1. Determine, yes or no, whether residue 608 is at positive phi and out of contact with any Cys (no Cβ under 7 Å at 6 or more places or on another chain).
2. Within the range 134-152, track down each residue that is in contact with a Phe, Trp or Tyr (Cβ under 9 Å, 6 or more places away or on another chain), of a type outside the set (Asp, Glu) and surrounded by fewer than 24 Cβ atoms within 10 Å (Cβ to Cβ).
3. When the residues of the range 418-438 are narrowed to those that are of a type outside the set (A, V, I, L, M, F, W, C) and buried (at least 23 other Cβ atoms within 10 Å of the Cβ), which ends up farthest from residue 102 (Cα to Cα)?
4. Any idea which of (1) in a loop (DSSP other than H, G, I, E, B); (2) exposed (fewer than 13 other Cβ atoms within 10 Å of the Cβ) is the one residue 269 doesn't satisfy?
5. Hey, among 134, 155, which residue is under 22 Å from residue 299 (Cβ atoms) and over 19 Å from the mean Cα position of the chain (by Cα)?
6. Is there any pair linking a residue in the range 564-588 that is closer than 20 Å to residue 654 by Cα to one that is of a type in the set (Ser, Thr, Tyr), with Cβ under 6 Å and at least six apart or on different chains, and which?
7. Only one residue in 589, 557, 546 is touching a Phe, Trp or Tyr at 6+ places or on another chain (Cβ under 8 Å), of a type in the set (Gly, Ala, Ser) and surrounded by 13 or more Cβ atoms within 10 Å (Cβ to Cβ). Which one?
8. The conditions are (1) modelled with pLDDT of 90 or more; (2) surrounded by fewer than 20 Cβ atoms within 10 Å (Cβ to Cβ); (3) closer than 30 Å to residue 359 by Cα, and residue 305 fails exactly one of them. Which is it?
Amino acid sequence: MVTSTGNAAALNPPSMSGGFSPSEVPRGNPEGFWKYLRFDALSGFLVFLIALPLCLGISLASGYPAIAGVFTAIVGSIVTSFISNSELTIKGPAAGLIVIALGTVTEFGYTGQDPAADMQAYRMALAVGVAAGVIQIIFGMVRAGVLGDFFPTSVVHGMLASIGVIIILKQFPVALGQSAKGGPFEIIERMPDIVANANPEITLIGVVSLLILFGLPLIRSRWARMIPAQMVVVLVAVPLGMYLDLSHEHTYSMFGQTYKLSESFLVTVPSNMIQAIAHPDFSALQTAAGWKWVVMFALIGSLESMLSAKAIDMIDPWKRKTNMNRDLIAVGIANTAVASIGGLPMISEIVRSKANIDNGARTRFADMWHGVFLLSCVALVPMLIHRIPLAALAAMLVYTGFRLASPKEFLNVYKIGREQLVIFVSTIIGVLATDLLIGIFIGIGVKFAIHLLNGVPLRSVFKPYLDVETRDDNTVAISARGSAVFTNWLPFKRQIEQLGLVQRNNIVLDLSGAKIVDHSVMEHLHEMEMDFEQAGLQLEILGLDAHQQFSAHPHSARKRQFTRLKRVTIVVDSSLEDQLTRRCVELGASGYTATPCHGIGRTGLSSGGEARNSQVRIEVVGSATLAEQILELVHREISLEHSVTACVETVEVLKRDQF
């Protein structure tokens with residue numbers, strides 16, 4: 001769940017922050033462009049201050065030219081603003097795609113040492129970006145936006161955390177003036193040598209940048225937060241780089257060693273943007289490796305973008321909803337266009353989008369304005385960008401990676417349930433040991449196995465079993481049988497939406513017949529409750545009181561379980577009913593059942609007696625301790641003077657709290 005801690009002005013009801021009626025909802029149309037210009041332009045400028053250094057850093061970390069990320073943000077922000085209806089998301093390059101982008105250029109021969117080979121690898125990667133963009137357009141046209149609901153939440157968070165770990169491992173050496181080659185485990189093995197051979201003056205820039213990034217959010221002063229931490233890093237790192245004379249090649253000695261400094265430690269950008277435009281080499285699509293990366297870009301990029309858009313919708317002050325299919329088409333068109341001129345792939349980026357809300361944006365034109373400011377900066381003052389040290393950009397990415405893989409993420413997942421932590425960690429290890437796609441499937445496989453171990457019926461793994469009953473003119477009852485898990489959620493959701501939101505009915509959903517209701521479904525149902533509320537309808541969820549939660553978290557998975565208790569059965573003369581039931585209640589019985597009966601015991605049968613009619617059968621269900629106390633009561637107060645039959649048996653009850 002995403003929560004907002006932004007300034008109050010941005011999140012107040014519209015009537016309090018903008019001077020207009022609460023019934024008005026800002027829209028990104030021609031009227032909204034002029035009406036909310038001052039809000040959107042200001043937010044766009046503040047987001048630009050964050051985006052500029054991040055675009056440069058993400059590009060370089062991806063093995064692309066620095067300008068490629070700026071191309072992406074410019075084209076993406078302007079194109080998608082006129083196609084998508086996502087009002088508050090910011091489109092641009094994202095740290096979450098660094099691993100895929102770097103993997104692509106590396107596959108095609110990128111080393112960072114041979115400019116000609118690196119340029120060829122870059123152009124082949126652009127062809128992959130064009131193809132992935134076309135596939136995203138197709139995804140949107142065939143309404144594949146619902147696929148974002150298929151992937152389990154813990155798997156997605158595990159994927160993002162693993163990306164964060166990889167970014168930290170790849171960029172921390174750059175912040176020390178070193179390079180990082182090889183896979184994650186190789187870099188971990190080499191880390192002591194990397195630290196030992198760090199370039200002291202470059203390390204100074206990197207460490208100061210990290211201190212700013214981690215320290216500034218801890219300062220509670222409103223004034224300290226007026227300028228984004230990333231821009232503060234730039235404002236400090238650029239003068240520091242000039243003081244260390246990074247623009248001229250020279251050496252210096254420290255700790256008995258000689259170190260080199262030169263322009264290679266600064267960002268390289270062309271003086272003319274037109275000259276920086278590059279075109280795809282479509283020979284990449286004649287290889288199996290090329291299509292592997294196309295699939296990775298299309299799937300992972302689409303998934304990340306949809307999840308970011310959904311997260312921003314949840315904290316939109318006006319609760320507007322993004323049409324995921326339309327947004328996929330917009331992102332696909334923008335990706336196809338920007339890859340054709342040399343840009344990185346783009347998604348809806350969560351950090352900049354969150355800043356957009358905090359800065360008071362009203363419509364999607366704030367995204368457009370952030371692109372306009374980026375274009376102006378790169379076109380008019382490219383030499384200022386050239387002054388930014390690479391170590392400062394690397395520090396920003398280390399900070400971004402840490403936020404993705406923060407210890408808080410592990411704690412939050414653990415709070416949802418230990419089984420979610422297993423899935424989360426399995427995904428991380430799977431990604432680090434293999435690649436993103438295989439790691440995701442490993443995480444899904446672990447979750448699937450956990451469901452089977454918890455007794456999910458095989459027949460309901462992919463198919464929900466739903467019984468539908470119309471109660472009145474505008475209420476439909478749906479009863480679920482088997483299971484409600486991530487693998488059968490899509491048809492499950494389709495049925496609820498069709499009967500409820502489409503046909504305008506209130507829905508009563510009874511989950512008492514579902515053996516397992518997993519965490520992903522619990523989260524999705526919570527989101528649907530809000531969707532129904534916004535539509536003026538009600539989604540009522542029943543039947544979960546018979547399920548045992550895996551943790552105290554409100555969205556934790558839960559399993560229907562019978563609780564074992566003891567049932568005490570006593571048969572005595574009916575005249576003793578009041579006395580015996582009163583004493584059972586005094587001992588702690590939460591209830592009892594008394595039934596008139598007649599019968600005869602062994603002694604009566606052997607002597608030829610007749611059945612007695614004035615008897616009562618009393619049953620009490622409770623704990624083993626209560627059962628022992630009742631038996632002791634019967635033995636001490638009843639059996640010495642009256643004929644009585646008593647027995648105890650173990651029973652399984654559906655609702656423990658009833659006893």
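1. Values: at positive phi: yes; out of contact with any Cys (no Cβ under 7 Å at 6 or more places or on another chain): yes.
Spelling it out, residue 608 is indeed at positive phi and out of contact with any Cys (no Cβ under 7 Å at 6 or more places or on another chain).
2. So in the range 134-152, the residues in contact with a Phe, Trp or Tyr (Cβ under 9 Å, 6 or more places away or on another chain) come out as 135-136, 145, 147, 149-152.
From the residues that got through so far, the ones that are of a type outside the set (Asp, Glu) too are 135-136, 145, 147, 150-152.
Within the range 134-152, 135, 145, 147, 150, 151 meet the criteria.
3. Taking the range 418-438 as the starting set, the residues that turn out to be of a type outside the set (A, V, I, L, M, F, W, C) are 418-420, 426-427, 430, 434-435.
Adding the requirement that they be buried (at least 23 other Cβ atoms within 10 Å of the Cβ) leaves 420, 427, 430.
Working: 420: 29, 427: 20, 430: 18 Å.
If we take residues in the range 418-438 being of a type outside the set (A, V, I, L, M, F, W, C) and buried (at least 23 other Cβ atoms within 10 Å of the Cβ), then 420 is farthest from residue 102 (Cα to Cα).
4. (2)
5. On the way: 155 fails: over 19 Å from the mean Cα position of the chain (by Cα).
Result of the check over 134, 155: 134.
6. Partner pairs satisfying both residue conditions: 564/650.
7. Values: 589 fails: touching a Phe, Trp or Tyr at 6+ places or on another chain (Cβ under 8 Å); 546 fails: touching a Phe, Trp or Tyr at 6+ places or on another chain (Cβ under 8 Å).
Matching residue, one of 589, 557, 546: 557.
8. (2)
The values are calculated or read from the model by the stated rules, or taken from the named source; none is laboratory data. Keep in mind that what you see is a predicted model, and the values were worked out from it rather than measured. Neighbour counts run over all protein chains shown; Cβ positions are idealised from the backbone, glycine included.
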